[in-house]
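Please read the structure below before turning to the comments.
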Amino acid sequence: MTQSATPGTAITRDEAIFIALGAFLAFALHWHFRLSGFGEQDAARLATDAINWHFVGPLDMANVDYRLRTSPLYIHALKFALDRGLSVRSLPAFMNGFAVLASSAGVVGLYLLFRRLSTPAIAAAATFVYSFTPCFWLGSVYGMPTLPALTLLVFSALAFDEAAAQDNLRSPRFAAFLGLSALLAALAFSLKADMALSSGVLLMPLIARDRLRPALLACIPLIVGIGTLFTLSYANQLASPAVEAGHGAELGGFWQSWSARFPFKWSLLVDPRNNAPITHAAGTLLFALCLLALFHGALGDRKRRWLTLGVAIWGLVPLLFWGFKVGNSARHNLPAFPPLVFLAISMLFQLVENQTRRAWALIALLLAAGQLDRTGGNVVTPPVDVLHATELVKYATKRVHRKAREFLSSPHPKKAFVETEYLFPYAEFEAWAAAETPTLSENLETRKSFSDGPNRETLVLLTSGAREAKTEARRLRRHGFKVISLQFSL
């Protein structure tokens, strides 16, 4: 790799070796630090959705909540793995391993995309810095569909770049790459529906090639439209039993209930509880540099302004969407930061007049100074120190799983978990995993009862808080249950 290489030039043999080595190192590093259990509650919820579908049958929207609409392909893939013999106990390892694979492919895709917009040195530096942001790092070591969806969307943009490279828009090659781009976008959206907010990535190849032709621009809403329709029809097909049963699974009802659960409020963006996940997703210092790069780029030459506009459309849309929504998390901002980090690193290279050594010295100083920020302590607002962040999540995850498994190993025939929504999915998963011949004898939103042979029952009960949990625990003990809470002391 040489700094003199111009954007968009063919990849050299040495550069290809560098890409392969980088992907291998990323895989080995994330594989070493991957979690053994669920990194957060939503991962456990997605797993239990698939488990319920596998053992019980068609999913009921009343029980799977909004996830069937927002991640239908991910849930279906987990269920497919269970159908093919994957054990329930192995599901977290399967999800976390898939995240590692997606992460390794993702760094390759991002480098190739950045390479079209800049020199190899800038592309490598931007990919490196982004790969060590807390949001990307944590997304690489535990299983959620956000990072795999981002990876597919980036490769969708690369396929669109190949389509845009064709002079004849009626050629079979153009149609083939355009179709591939639409397919990858559809898969990305059906893994994580809000990835559609990051569709601005499709502008980047056109900006890189300086080919903002109306015909090519019109292909972007076409790709996004196909992906969105695919996701809606996919989710509708999976939810059809609930629709036929009249459980309010229609799209309008879903959007109304989802909006009520995650309301839009202008004040949330300035609320520290909601904007902290944004700054912690990349680290406060890097986030500030990203904002500075946006202003710097907007005041640059014509080419720089177009690049900054593309970055803003790609990065700021998902960032602002979740910034105005209740329940923001660093994970939500994972797809927002690749372009913002790229623009920030490009600015650093520009400030030192593309002197690679000086640029890397600034980057090293930036990363070192960022470690001074010691705030953050969970996956919602993770610390900048990614290894510390991993240890925090790993410790919390192991503690919850170990406590549940020790309880379920008891020979007592009647057991009960009394939980709030926070840890309910962990208890449900462990109940499924511990049963040798699991049967769900009662399946309600607030109560699940598992039978595992004659006179053996495990109850998972949803409560609103500590007071109700203690009341329910006393009642269940009077009925012969051995009771525990993963969250409270009962």
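The values are calculated or read from the model by the stated rules, or taken from the named source; none is laboratory data. Everything numeric here is computed off the predicted structure, so don't read it as measured data. Here the Cβ is made from the backbone with ideal geometry for all residues, glycine too, and neighbour counts use every protein chain on show. Heads up: the accessible areas ignore ligands, DNA and RNA and are worked out on the full protein's heavy atoms, side chains in. Shrake-Rupley method; radii C 1.70, N 1.55, O 1.52, S 1.80 Å.
Just a few scattered comments:
- Output for segment 105-120, where each listed residue is open to solvent by 10 Å² or more (accessible area, probe 1.4 Å) and either among the polar types (S, T, N, Q) or over 19 Å from residue 209 (Cβ atoms) (or both): 105, 107, 108, 119
Yes/no matrix, rows are residues, columns are (1) modelled with pLDDT of 90 or more; (2) more than 27 Å from residue 86 (Cβ to Cβ); (3) open to solvent by 40 Å² or more (accessible area, probe 1.4 Å):
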{"residue": "417", "(1), (2), (3)": "yes, no, no"}
{"residue": "432", "(1), (2), (3)": "yes, no, no"}
{"residue": "436", "(1), (2), (3)": "no, no, yes"}
{"residue": "450", "(1), (2), (3)": "no, no, no"}
{"residue": "453", "(1), (2), (3)": "no, no, no"}
{"residue": "459", "(1), (2), (3)": "yes, no, no"}
{"residue": "465", "(1), (2), (3)": "yes, yes, no"}
{"residue": "469", "(1), (2), (3)": "yes, yes, no"}
{"residue": "479", "(1), (2), (3)": "yes, yes, yes"}
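- Pairing each residue of segment 276-287 that is at positive phi and in contact (Cβ under 8 Å) with a residue 60 or more places away in the chain with any residue that is small (Gly, Ala, Ser) and part of a helix (DSSP H, G or I), provided the two are 6+ apart or on different chains, yields C-beta distances under 7 Å for 283/370.
- The single condition among (1) farther than 18 Å from residue 90 by Cβ; (2) touching a helix residue (DSSP H, G or I) at 6+ places or on another chain (Cβ under 8 Å); (3) assigned to a helix (DSSP H, G or I) that residue 433 does not meet is (1).
- Complete set of residues in segment 448-482 that are in a loop (DSSP other than H, G, I, E, B), within 35 Å of the chain's Cα centre (by Cα) and of a type in the set (D, E, K, R): 452
- Positions within segment 32-45 being under 17 Å from the mean Cα position of the chain (by Cα) and in a helix (DSSP H, G or I), in sequence order: 41, 42, 43, 44, 45
- Residue check for residue 381: under 21 Å from residue 280 (Cα atoms) and of a type in the set (Ser, Thr, Tyr): yes
- One residue alone among 227, 252 is open to solvent by 30 Å² or more (accessible area, probe 1.4 Å) and either modelled with pLDDT of 95 or more or within 27 Å of residue 332 (Cβ to Cβ) (or both), and that residue is 252.
- Residues that are outside any helix (DSSP H, G or I), at pLDDT 80 or above and touching a Ser or Thr at 6+ places or on another chain (Cβ under 8 Å) are absent from segment 241-248.
- The residues in segment 359-383 that are hydrophobic (A, V, I, L, M, F, W, C) and surrounded by 20 or more Cβ atoms within 10 Å (Cβ to Cβ) can be counted, and the count is 2.
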